[in-house]
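Here's the structure, in structure tokens; my notes come after.
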Amino acid sequence: MRKNINKIILLVGLMGSGKTSVGKRLAQKLNLPFVDGDREIEKASGLSLIDVFKCFGQEEYRAGEMRVMKRLLCGMPCVLASGGGSFVAQSTRDLAKEHALTIWLKADLNTLYHRTSGRKQRPFLQGDESGLKEKLEKYIREEYPYYEQADIVVETKDERVEHTVNRVLKALDDYFEKETGCLKD
């Protein structure tokens, strides 16, 4: 059923939820190109994410992120890993509703902590490592209500990426089966 996907598959979720690692493998399985929203911001700005954040501040960072997401969501079918907070913007959610099938990779606090601890390239987690769990809890409270608007929700766990990819593929099959009313062979 998913062989002829003609939409963007937009992966959303907090940093550390697995959007990039799952997205790369999912794109291979679906025979679609993979696009990383964070890398596209870096290409557009000519700076690392941290430098964009430091030079322009959070408000300009988010404005640039929205411009990049608008361009990507109006593009060709692909698997698109969004930046962690990009789906919070109403304009991005509206475009996603029109042009994409959204999949929330939902991770619990411990999984997010394990995956983001010690990673210095994430601008929204800069600062004292001892406050990382509190920052992640804050993002969970603030952003999960937006992610709940995704078309599909797949729990991510501290497991091999292939297992999560297989659950995403199953969720896609179930979604298309429900949408078309067709049963799988």
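Within region 148-166, the set of residues being open to solvent by 10 Å² or more (accessible area, probe 1.4 Å) and not in a strand (DSSP E or B) comprises GLU148, GLN149, ALA150, ASP151, LYS157, ASP158, GLU159, ARG160, VAL161, GLU162, HIS163, ASN166.
Can you report the number of residues in region 119-147 which are under 30 Å from ASP174 (Cα atoms) and either open to solvent by 10 Å² or more (accessible area, probe 1.4 Å) or at pLDDT below 85 (or both)? Give the derivation first.
Kept after step one, since they are under 30 Å from ASP174 (Cα atoms), are these residues of region 119-147: 139-147.
If we keep only those that are either open to solvent by 10 Å² or more (accessible area, probe 1.4 Å) or at pLDDT below 85 (or both) as well, we get 139-146.
Going through region 119-147 one residue at a time, the tally reaches 8.
Taking the criterion of being farther than 13 Å from LYS29 by Cα, at pLDDT 90 or above and open to solvent by 60 Å² or more (accessible area, probe 1.4 Å), the only residue of region 167-185 that qualifies is ASP174.
Take the conditions closer than 27 Å to HIS114 by Cα and in contact with a Lys or Arg (Cβ under 6 Å, 6 or more places away or on another chain) and apply them to GLY23. Does it pass?
Values: closer than 27 Å to HIS114 by Cα: yes; in contact with a Lys or Arg (Cβ under 6 Å, 6 or more places away or on another chain): no.
Here the answer is no, as GLY23 does not meet what is asked.
Could you say whether any residue in region 63-72 is part of a helix (DSSP H, G or I) and farther than 18 Å from THR92 by Cα? Within region 63-72 (the criterion being part of a helix (DSSP H, G or I) and farther than 18 Å from THR92 by Cα), the answer is no, since none of the residues qualifies. Six or more apart or on different chains, Cβ under 7 Å: which pairs go from a residue in region 147-173 that's in contact (Cβ under 8 Å) with a residue 24 or more places away in the chain to one that's in a loop (DSSP other than H, G, I, E, B) and open to solvent by 10 Å² or more (accessible area, probe 1.4 Å)? Could you list them? These pairs meet every condition: THR156/GLY18; VAL161/GLY18; THR164/GLY18; ASP173/MET1; ASP173/LYS184.
Taking LEU26, is it within 17 Å of the chain's Cα centre (by Cα), in a helix (DSSP H, G or I) and on the phi < 0 side of the Ramachandran plot? Spell out the reasoning first.
Details: within 17 Å of the chain's Cα centre (by Cα): yes; in a helix (DSSP H, G or I): yes; on the phi < 0 side of the Ramachandran plot: yes.
Against the criterion (within 17 Å of the chain's Cα centre (by Cα), in a helix (DSSP H, G or I) and on the phi < 0 side of the Ramachandran plot), LEU26 qualifies.
Scanning region 1-32 for residues that are open to solvent by 60 Å² or more (accessible area, probe 1.4 Å), farther than 16 Å from THR102 by Cα and modelled with pLDDT of 90 or more yields ARG25, GLN28, LYS29, ASN31.
Can you tell me how many residues within region 81-92 are crowded, with 21+ Cβ neighbours inside 10 Å and in contact (Cβ under 8 Å) with a residue 40 or more places away in the chain? If you could, list the steps in order and put the result at the bottom.
First, the residues of region 81-92 that are crowded, with 21+ Cβ neighbours inside 10 Å: 81-84, 86-87, 92.
Checking which are in contact (Cβ under 8 Å) with a residue 40 or more places away in the chain leaves us with 81-84, 86-87.
Counting residues in region 81-92 that are crowded, with 21+ Cβ neighbours inside 10 Å and in contact (Cβ under 8 Å) with a residue 40 or more places away in the chain gives 6.
Any chance region 56-78 includes a residue that's open to solvent by less than 30 Å² (accessible area, probe 1.4 Å) and basic (Lys, Arg)? Within region 56-78 (the criterion being open to solvent by less than 30 Å² (accessible area, probe 1.4 Å) and basic (Lys, Arg)), the answer is no, since none of the residues qualifies. ARG39 fulfils the conditions (1) open to solvent by 40 Å² or more (accessible area, probe 1.4 Å); (2) touching a residue at least 24 places away in the same chain (Cβ under 8 Å); (3) not small (Gly, Ala, Ser) except for a single criterion, (2). Put simply, of THR164, THR111, THR116, THR102 the only residue that is farther than 28 Å from LYS178 by Cα and either in contact with a strand residue (DSSP E or B) (Cβ under 7 Å, 6 or more places away or on another chain) or modelled with pLDDT of 95 or more (or both) is THR111.
The values are calculated or read from the model by the stated rules, or taken from the named source; none is laboratory data. Please read these numbers as outputs of a predicted model, since none were measured by experiment. In this analysis, Cβ positions are derived from the backbone assuming ideal geometry, glycine residues included, and neighbour counts consider all displayed protein chains. For accessibility, only protein heavy atoms count, side chains too; no ligands or nucleic acids. Shrake-Rupley method; radii C 1.70, N 1.55, O 1.52, S 1.80 Å.
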